[in-house]
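Below: the structure, in C-alpha cells.
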Amino acid sequence: MDRIDAASHTRGESLFVDDMPQPAGMLYASVFFSPVMHGNIQRLCLQDARSVKGVVAVLTWENIPGENQIGSIIQDEELLAQRKVHYIGQPVAVVVAESTEIARKAAKMISIEIEELPAVTDPKEAFEKGCIIDTPRTFVLGDVDSMWQKCDLVLEGTCDTGGQEHVYLETQRARATPLEGNNIRIYSSTQSPSAVQHHAAKILGLASHNIEVEVKRLGGGFGGKEDQATPWACIAALVARVTQRPVELVLQRADDMKMTGKRHPYKSDFKIGATKEGIIIAYEVKHYQNSGATADLSTAVLERTMFHSTNCYYIPHVRIFGVCCRTNLPSNTAFRGFGAPQGMFAIESALTKVAEKLHLPREEIQVKNLLAERKEFPYGQRAEHCSIRTVWESAETNYQFQKIRKQVLHFNQSHFETKKGLAVMPVCFGISFTTTYMNQASALVHIYTDGSVSISTGGVEMGQGLITNITTIAATALGINPGRIKVECTNTTRIANMSPSAASSTTLLNGNALLIAINQILDRLKTLLAQELSVFEKEKISIMNEKVFVDAHDTGWAWNQLIHAAHQKRICLSAHGFFATPKIYFDKTKEKGRPFAYHVYGAAIVEITLDCLRGSYDIDSVKIVHDLGRPLSKIVDRAQIEGGLAQGLGWMALEDLRFNEKGQLLSRDLATYKVPDAHFMPDNIEIEFLQNEKGTLGPYGSKAVGEPPFMYGIGVFFAIRDAMRAFRPENDFNFTSPLIPERILLQLYPEYIKQTLDKNKNLSG
Ligand code: MTE
Ligand code: HPA
Ligand code: MOS
C-alpha cells in the first residue's frame, strides 16, 4: 500500500498544531530564558515587558498552582526556573500577548540579574567533580581482567562523538484551550500524549482526567518530542488556566535549537584484546555521557548504549561501564538510536584499531567476530534467530565487496591526492523499550452500521508511516478495503496511559493491540455467521475482499450485509484491545535479563572519495542489506531506511554543534548548522530486503525499522578514515566525530596546520 498521507502532505492539506482552526480570542506566548549557563537568580525585572501594549500577562514559577516539576524519570527539572538556572535557554518567564510579534518583542524587554557560578560542559570533567545523575552502571560478561595477558595484542584508545540537533521540520509547539469547569484541552506536537497529560495535570494541580491531549500528527519528532514536547505544552496549559483564554506557543527555529536538548555527546575509553588472527577476546569500555543539565531520559539512553556496546559481535569477556554526567548544557534527550549509536561507535573504533595494528582490512576482523545463534550478550540475553551471518553473506555476494575492496586499492595506487575509502557497518539493534513496563499499548475499534471503521491507538504519526501500517493491519485482519478504514488522531480520552511512540516499537505494540481488538469483533461476527449459515466450526469462516467465505466457498454474504445483520441482532461492534510484550524482563541488581523481544540485523557498505588537498569528500554509494521481516508497506520501510541513513551520515560526518566558551550555541540556525541535503547524500543507494520472518513479534511478520538504519551511517566515519590512511599511512588518526573536512585536514597535515595555527593565534576551532 502507498503512504496514506502522501497526497495531503504534497498538497499542503495535512494539518499540524497551528493549522487547526483558530479559536476566538487566542493569545500567543513567548518564553524568556536564561542567558547564562549556571547561576543564582537575584532579580527578575518584568515591568517593562508587562507595560507593552498588547501584553496580557507575564508569568513565572510563582503562577504555577501545582508542582513546578516536569522530570520524567528523576524529579530534577523545573518547568520555570525558581532560584537557580542551569543552562542557557532554560525557561524562566512566559510573556502572553495578543500577537506572537508583541509577545516576542516584550520577552526581549525582560531583564534578569544572575550571580554566575562555575559551569561544566565536558562530561569527564563533570564526572571528576562528582556531577553525575543516578549511579554509574556496569555490565559484565566473563572476566576481562584475567584475559588481557592471554591476548596477543592489547590496545587502548578513546573516542568522542558529537551531539546532534533533531531538526524536525515542525518546531516545538502546543495550543491549549480552557474548557468548562477545570478542564483543558491541549494540542501538542508530542510523541507522548500521556506524558503531556500527566505533567500538565501536575503543574496545574489537577487530575489527569481534567487534561485532554490530542495529537493529529507531528512534522517529525526523531526522539526530540519524546520528553521535550512536554514543557511547551505545560506552559500553554498554564497560560490557558491563568488567563482563561486559548493560547498558542510556537518556538522559532533558533530558540528551539538553543533551548531544547539534542543527541548526547559521549566520551568513551576502551581497551581491546585480540589474538594475532584478529579474534577479539576481551573488551572493556567506559562511557561518559554528556547528559546536560537535567536527567530527562538520559539514564534510559545510557542503558541502551550499554546494551549495544558489542553491536553484532560476540566477545566472550566484556566489561561495560557507563555514567550520566551532569553538565550546564540543555538537557540532552532521545534521538533516533537512543544511545545505541554511541555504544556502537566505540566498539567499531576499537575493532578498527585492531585491524590497523594487524594490517588487515576492517571487514576481516568484523566477519571473524560476528555473533552467532545462542551466543550471549553481555546483558544475559542470548541471540535467537540471529541473521547477521546471512546478512553479511548476502552483502558479500550481492554487492561483491571483496571486489570493491580490490577496486579501492587499485584506485588508491593510481591516484595521489584523491583516495577512496570503504567500510562495512553491520548492525544489531534490540527491539523493545529497555524500560520493560513501557512495552504496552491499547487500541479502540468501532465499526459503524454502514461498515466503515474507526480506529484509535496510542501511537503517534510523526512521519514514520504509522497510519499506513495501522490501516494495512486493520484492512488485512478485517478482510476489507483500506478505504473503509479511518485512523483517528491520538487522544488521551480514547486511549489512556500511552507509552511514547518511540523505541521503533509503535507498530509492534499498537498493531498487536489493534489485532486483539479486531479479533474480538471478528469472533462475535463469526458466531453470528455460524448460526446464520449453519456452520459448526467457526474457524472455517473467513472474510476476504469484503466477502464471507466458508473454507474457500463464497457464501454470498457481503461485509455491509454482515455488519447490518450484526447490528440488528444487537451484537457489539466496538472493542478495546490491550497488548503487553511477553517474555521480556531485566534485573537491574544483576544487570542481566531478556530486555528485547527480538533483534533487527543489517549491514551497509559505504564507499567514499576523499579530496586529500581540501579534506572534502563525496559519499559514492551506500549498499544495504536489511532484514525487515515481512514488510507491511515496502515504501514506508524503504523511506525509513533512507531517512535513518541520512541522519546517521549527518551525525558522523557533517552536523557540527559548536558552543563558544560562554556556552552559547553558535550553530543555532540552518545557515550555521548543516544537515544532509540531496548533494551530500550518496549518489547511489541500494537496499536489499532480507525477508526473514523468524523471531519477530511484529504484526504479520513485520519488523521494527525506525531506528536501526540510523547506525548504517556510522560506516561513513570509517570509510573516510580508510581513505585518510591510504593517503597518510604513517599518521595516527583519532576517533573524534563528526569527521568534517576541517578535522580531516587537521589530521592529514598536523605539522603544517600547527605552524599555521602558531602564526595565527586568532584562528579558532
Ligand atoms: N521517521 C520520520 N519520518 N519522522 C520521525 O520523527 N522518528 C524516528 C523513526 N523514524 C521519526 C522517523 C524514531 S526516533 C523512532 S523511535 C521511530 O521512528 C518511531 O516510530 P516507530 O516506533 O513507528 O518506528
Ligand atoms: N527507547 C526509547 N525510549 C525509551 C526507551 C527506549 O529504549 N526506554 C525508555 N524510554
Ligand atoms: Mo525514538 S529516539 O525512540 O523517539
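The values are calculated or read from the model by the stated rules, or taken from the named source; none is laboratory data. Since we're looking at a predicted model, the values are computed, not measured. A quick note on method: Cβ atoms are made from the backbone with ideal geometry, for glycine too, and the neighbour counts reach across all protein chains shown. Heavy atoms of the whole protein, side chains included, go into the accessibility calculation; ligands, DNA and RNA do not. Shrake-Rupley method; radii C 1.70, N 1.55, O 1.52, S 1.80 Å.
Please indicate, with yes or no, whether at least one residue in region 383-406 is assigned to a strand (DSSP E or B), under 30 Å from Pro316 (Cβ atoms) and touching a residue at least 40 places away in the same chain (Cβ under 8 Å). Within region 383-406, none of the residues are assigned to a strand (DSSP E or B), under 30 Å from Pro316 (Cβ atoms) and touching a residue at least 40 places away in the same chain (Cβ under 8 Å). The set of residues in region 626-648 that are open to solvent by 30 Å² or more (accessible area, probe 1.4 Å) and out of contact with any Asp or Glu (no Cβ under 7 Å at 6 or more places or on another chain) comprises Lys634, Arg638, Ala639, Glu642. In region 294-308, the residues that are more than 15 Å from Met438 (Cα to Cα) reach residues that are more than 13 Å from ligand 3 (Cβ to nearest atom) and part of a helix (DSSP H, G or I) with C-beta atoms within less than 9 angstrom, at least six apart or across chains, in these pairs: Thr305/Gly343; Thr305/Met344; Thr305/Ala346; Met306/Gly343; Phe307/Gly343; His308/Gly343; His308/Met344; His308/Ile347. Just a yes or no: is a residue in region 210-226 within 16 Å of ligand 1 (Cβ to nearest atom), touching a helix residue (DSSP H, G or I) at 6+ places or on another chain (Cβ under 9 Å), of a type in the set (S, T, N, Q) and at pLDDT 95 or above? Within region 210-226 (the criterion being within 16 Å of ligand 1 (Cβ to nearest atom), touching a helix residue (DSSP H, G or I) at 6+ places or on another chain (Cβ under 9 Å), of a type in the set (S, T, N, Q) and at pLDDT 95 or above), the answer is no, since none of the residues qualifies. Contact map, region 656-668: residues that are among the aromatic types (Phe, Trp, Tyr) paired with residues that are at pLDDT 95 or above and surrounded by fewer than 16 Cβ atoms within 10 Å (Cβ to Cβ), Cβ distance under 9 Å, separation 6+ or inter-chain. Pairs shown: Phe659/Leu666.
Scanning region 14-47 for residues that are of a type outside the set (S, T, N, Q) and in contact with a helix residue (DSSP H, G or I) (Cβ under 8 Å, 6 or more places away or on another chain) gives Leu27, Tyr28, Ala29, Val31, Phe32, Phe33. Residue under question is Thr449, and the condition is that it be outside the structural domain of Asp296 (by TED's automatic domain parsing) and either within 16 Å of ligand 2 (Cβ to nearest atom) or part of a loop (DSSP other than H, G, I, E, B) (or both); does it hold? Against the criterion (outside the structural domain of Asp296 (by TED's automatic domain parsing) and either within 16 Å of ligand 2 (Cβ to nearest atom) or part of a loop (DSSP other than H, G, I, E, B) (or both)), Thr449 qualifies. Taken over region 144-182, residues that are under 21 Å from the mean Cα position of the chain (by Cα) and of a type in the set (Phe, Trp, Tyr) amount to 1. Determine, yes or no, whether Gly162 is touching a residue at least 24 places away in the same chain (Cβ under 8 Å), surrounded by 16 or more Cβ atoms within 10 Å (Cβ to Cβ), more than 30 Å from Met498 (Cα to Cα) and not polar (S, T, N, Q). Yes; evaluated as a whole, the condition is true for this residue.
In region 141-151 there is no residue matching the filter, namely being assigned by TED's automatic domain parsing to the domain that holds Leu15, open to solvent by 10 Å² or more (accessible area, probe 1.4 Å), touching a residue at least 12 places away in the same chain (Cβ under 8 Å) and touching a Pro at 6+ places or on another chain (Cβ under 7 Å). The lone criterion from (1) surrounded by fewer than 24 Cβ atoms within 10 Å (Cβ to Cβ); (2) of a type outside the set (Val, Ile, Thr); (3) out of contact with any Phe, Trp or Tyr (no Cβ under 6 Å at 6 or more places or on another chain) left unmet by Ala229 is number (1). Identify all residues within region 723-735 that are closer than 19 Å to Gln342 by Cα and surrounded by fewer than 17 Cβ atoms within 10 Å (Cβ to Cβ); write none if there are none. Hit for region 723-735 is Asn734, nothing else. Candidates Thr476, Thr506, Thr472: the one that is open to solvent by 10 Å² or more (accessible area, probe 1.4 Å), within 16 Å of ligand 3 (Cβ to nearest atom), more than 21 Å from Arg185 (Cβ to Cβ) and assigned by TED's automatic domain parsing to the domain that holds Met544 is Thr506. Candidates in region 528-549 are the residues that are in contact (Cβ under 8 Å) with a residue 40 or more places away in the chain and either within 16 Å of ligand 3 (Cβ to nearest atom) or not in a strand (DSSP E or B) (or both); of these, the one that is farthest from Ile455 (Cα to Cα) is Leu528. Being closer than 30 Å to Ala207 by Cβ, in a loop (DSSP other than H, G, I, E, B) and within 16 Å of ligand 2 (Cβ to nearest atom) is the filter here, so list the residues in region 480-517 that pass it. Passing the criteria: Asn497, Met498, Ser499, Pro500, Ser501, Ala502, Ala503, Ser505. Looking only at region 412-435, residues that are more than 16 Å from ligand 1 (Cβ to nearest atom) and closer than 21 Å to Glu396 by Cβ come to 8 in all. Test of understanding: among Ser542, Ser574, Ser505, Ser534, which residue is within 16 Å of ligand 1 (Cβ to nearest atom) and modelled with pLDDT of 95 or more? One residue alone meets the criteria, Ser505. For region 185-225, a residue qualifies if it is open to solvent by 10 Å² or more (accessible area, probe 1.4 Å), in a loop (DSSP other than H, G, I, E, B) and of a type outside the set (Phe, Trp, Tyr), and the qualifying residues are Gly205, Leu206, Ala207, Lys216, Arg217, Gly219.
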